[in-house]
Amino acid sequence: MPKGNRQTTKERILQAAREELLEHGCAGARVDRIAERAKTSKERIYHYYRSKEELADEVWIRQAVAIQERVKFDPDDIDSFIGSLFDFYFDNPEEVRLWLWFLLERGSTSLPQDDFRVAAVQERIESVKLAQKLGYIDPAWNPILLLNMISSLAVSRVIAPSYVHEVGKTVDRDGSKRMANQHRAAVIEIVHTLLAKAPQIQTGPAIGQR
C-alpha cells in the first residue's frame, strides 16, 4: 500500500474507538480492546488522549462534523435539508446507534463554548431564523424546538424495530426501499405542515408535575 494511503496510528485509534463505542458505549468501552483493534498499545492511546472519555468525545465530535458537512440547511431549499437528513440516517444506521449512545451517556452534559457542536447548533439556529425572515417558516416557531422535531421525524424510520415493519406488512422482497421512499416523502410533507404554522403552546405545569 502506498505510504500516502496508510492510516496513521491516530486514525486507527479513532476508528477502533468508534467500533468499540458502537458495541459498548463509552461506559462499557475498554481501552485495551481499542488498542487491540487499532493494533497499537494502551500507552500509545494515552499519548494522544488523556482518558477514554476524551477519546470518545473526539469520535462524537467527528460525527457532528460529518453531519454538518453533508447535511446543509438552505433557507431557499428546506426540502433538500429534510430529505438529506433522512437519507443520512437511513443510509448510515450506525450513525444513529452512535448518537443514541451519546444521548444515553452524555446527553445531559453541557458543552464548552469552543466545542464544534455548539457552533454547529448556532449555525442551524441562524439558518432557521433566516428562513423565518424570508417567510418560509412561521416566525412563531422556536428554532431549536423545530429543529428537534425535524430531526426526530428524519430518524423515525431507522429507530423503528424491524418487526414493526414486518407485522405491518411494509417489508417484502422488493418493497423495502419503496416503503423507505414513501416514509421519506411523508416526513417532508409533515414538515411542510409544521413549517407553515407553529402550534399554539399554552404555558402549563412541567411534565411530572401534572
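The values are calculated or read from the model by the stated rules, or taken from the named source; none is laboratory data. Model, not experiment: these values are computed from the prediction. With ideal geometry, Cβ positions are generated from the backbone for all residues, glycine too; neighbour counts draw on all protein chains shown.
Quick check: anything in region 123-136 outside any helix (DSSP H, G or I), surrounded by 13 or more Cβ atoms within 10 Å (Cβ to Cβ), in contact with a Pro (Cβ under 8 Å, 6 or more places away or on another chain) and not charged (D, E, K, R)? First the steps, then the outcome.
Taking region 123-136 as the starting set, the residues that turn out to be outside any helix (DSSP H, G or I) are 134-136.
Filter once more, keeping what is surrounded by 13 or more Cβ atoms within 10 Å (Cβ to Cβ): 136.
The next check asks that each one be in contact with a Pro (Cβ under 8 Å, 6 or more places away or on another chain); those that pass are 136.
Now restrict to residues that are not charged (D, E, K, R): 136.
Yes: one or more hits.
Look through E166, E189 and report the one residue that is at negative phi, in a helix (DSSP H, G or I) and at pLDDT below 90.
Working: E189 fails: at pLDDT below 90.
Within the list E166, E189, the selection yields E166.
State whether one or more residues within region 51-59 are among the basic types (K, R) and crowded, with 18+ Cβ neighbours inside 10 Å.
Of all residues in region 51-59, those among the basic types (K, R) come to 52.
Narrowing the set further to residues that are crowded, with 18+ Cβ neighbours inside 10 Å leaves 52.
The answer is yes, given that some residue of region 51-59 is among the basic types (K, R) and crowded, with 18+ Cβ neighbours inside 10 Å.
Here is a yes/no grid of residues against (1) within 25 Å of Q7 (Cβ to Cβ); (2) outside the structural domain of L14 (by TED's automatic domain parsing); (3) small (G, A, S):
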{"residue": "Y46", "(1), (2), (3)": "yes, no, no"}
{"residue": "K52", "(1), (2), (3)": "yes, no, no"}
{"residue": "L55", "(1), (2), (3)": "yes, no, no"}
{"residue": "V65", "(1), (2), (3)": "yes, yes, no"}
{"residue": "I82", "(1), (2), (3)": "no, yes, no"}
{"residue": "P93", "(1), (2), (3)": "yes, yes, no"}
{"residue": "W99", "(1), (2), (3)": "yes, yes, no"}
{"residue": "A120", "(1), (2), (3)": "no, yes, yes"}
**Prompt:** In the list L195, L134, L147, which residue meets the criterion of being farther than 21 Å from F88 by Cβ, modelled with pLDDT of 95 or more and aliphatic (A, V, I, L, M)?
**Reply:** L134
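Which fully enclosed helices (runs of 4 or more DSSP H) of region 34-96 have 1 or more residues being of a type in the set (F, W, Y), closer than 20 Å to I144 by Cα and out of contact with any helix residue (DSSP H, G or I) (no Cβ under 7 Å at 6 or more places or on another chain)? Spell out the reasoning first.
On the way: elements: 42-48, 52-70, 78-91.
Qualifying helices (runs of 4 or more DSSP H): 78-91.
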**Prompt:** Mind checking whether some residue in region 77-99 is surrounded by fewer than 17 Cβ atoms within 10 Å (Cβ to Cβ) and more than 23 Å from V191 (Cβ to Cβ)?
**Reply:** yes
**Request:** Please verify whether region 12-30 includes one or more residues that are over 30 Å from S156 (Cβ atoms), modelled with pLDDT of 95 or more and not in a helix (DSSP H, G or I).
**Result:** yes
**Request:** Provide a single number: the residues in region 84-100 that are at pLDDT below 95, hydrophobic (A, V, I, L, M, F, W, C) and more than 10 Å from the chain's Cα centre (by Cα).
**Result:** 1
**Complete:** Being of a type in the set (A, V, I, L, M, F, W, C) and not in a helix (DSSP H, G or I) narrows A120, A140 down to just A140
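Kindly indicate which of R117, R62 is crowded, with 16+ Cβ neighbours inside 10 Å and charged (D, E, K, R). Steps first, please.
Values: R62 fails: crowded, with 16+ Cβ neighbours inside 10 Å.
Result of the check over R117, R62: R117.
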**Prompt:** Does any residue of region 26-34 turn out to be crowded, with 19+ Cβ neighbours inside 10 Å, under 30 Å from H183 (Cα atoms) and not assigned by TED's automatic domain parsing to the domain that holds V158?
**Reply:** no
**Complete:** A careful count of residues in region 137-158 that are within 12 Å of the chain's Cα centre (by Cα) and exposed (fewer than 15 other Cβ atoms within 10 Å of the Cβ) gives 2
